[in-house]
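Read-outs throughout are calculated quantities, based only on the coordinates presented, and are distinct from any laboratory measurement. Fair warning: this is a prediction, and the values are worked out from it, not measured in the lab. A quick note on method: Cβ atoms are made from the backbone with ideal geometry, for glycine too, and the neighbour counts reach across all protein chains shown.
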Amino acid sequence: MNICVFEDDKVHQLAPILLTRPVFDLRTGRRTQGQELSRVLGASTTYAHCRKYLQDWTAAEYNIVV
């Protein structure tokens, strides 16, 4: 299964916590939201849509298509 995680226009409401990370990198417990979503849904491929200034870091950090 392929999944696509994305940020919407409400991302600014989570500042300053997520100024330097995409929303799906928010950690709750031992996993990030993105990791938990991929695990629960059994994703074989994950795609991400995030703020432009985070795209290079996100692609390198998670090895996913941004």
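Would you mind telling me which numbered condition in (1) within 11 Å of Val5 (Cβ to Cβ); (2) over 10 Å from the mean Cα position of the chain (by Cα); (3) surrounded by 15 or more Cβ atoms within 10 Å (Cβ to Cβ) Leu41 fails?
So Leu41 meets the others, but not (3).
Residue by residue through the stretch 3-21, note down the ones that are out of contact with any His (no Cβ under 9 Å at 6 or more places or on another chain) and closer than 13 Å to Tyr62 by Cα.
Result: Arg21, single match.
Residues checked against (1) in a loop (DSSP other than H, G, I, E, B); (2) touching a residue at least 12 places away in the same chain (Cβ under 8 Å); (3) on the phi < 0 side of the Ramachandran plot:
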{"residue": "Ile3", "(1), (2), (3)": "no, yes, yes"}
{"residue": "Asp9", "(1), (2), (3)": "yes, no, yes"}
{"residue": "Gln13", "(1), (2), (3)": "no, no, yes"}
{"residue": "Pro16", "(1), (2), (3)": "yes, no, yes"}
{"residue": "Leu19", "(1), (2), (3)": "yes, no, yes"}
{"residue": "Gly34", "(1), (2), (3)": "no, yes, yes"}
{"residue": "Val40", "(1), (2), (3)": "no, no, yes"}
{"residue": "Leu54", "(1), (2), (3)": "no, yes, yes"}
{"residue": "Thr58", "(1), (2), (3)": "no, yes, yes"}
